[in-house]
């Protein structure tokens, strides 16, 4: 039986912490979410640390893993579940040494199986491929196609994440590949009916595709 794809949320690049905390509570209560990546690229370390300390108990209460983008030291200090590392933004082995064997460590691999294999050899817990669609969240310098997910899932046991421009109305083609996670940012936070409705809508698509794959 195929595994069901899980929803992986990425925070906005910046936000008002009190308002976002309330939004996050409501969003995570709307349906299954595997993890939340705190991605605040242009914020000070103290701002990222404060956000991590505030959001961690919300994630814990909702059984959602909290990953910190790039900042391994902050992840260790606040007791986050792990980190997500971009290419050139950190070393998997060094992060493992600092965070321990139980930490979840993911790596951006763009559209490269070679980078993904390297990350796996270094001990990454998952690899992320993308971007699959145009996105306003970051400047896209690498594009990927669904076949990289299909071939990865068929051959390699390390979980893979699809990322980049994923929305409710385009996610099914990625879920059909068997990708372990779909990572979504603006597709949730900027959803017309609100983030809570977005989580419900994404999970509805996941369930529908899973049932089709299960019966195939």
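A short reminder: the numbers here are calculations on the coordinates, not readings from a lab. A quick note: this is a predicted structure, and the numbers were derived from the prediction, not measured.
Between the stretch 84-150 and the stretch 40-76, the alpha-carbon centres lie 19 Å apart.
In the stretch 1-92 the Cα-Cα distances spread across 5 Å bins starting at 0 as 3, 14, 26, 25, 17, 9, 4, 1, 0 percent of all pairs. Using a Gaussian network model of the chain in which every pair of alpha carbons under 10 angstrom is joined by a spring, one finds that among 154, 118, 53 the greatest mean-square fluctuation is at 154.
The chain: D in µm²/s via Stokes-Einstein (Kirkwood Rh, Cα pairs, 37 °C, 0.692 mPa s)? List each step's numbers first, then the result.
On the way: Rh = 17.3 Å.
Result for D is 190 µm²/s.
Summed over all non-identical Cα pairs, the Kirkwood treatment of the stretch 62-107 gives a radius of 10.3 Å.
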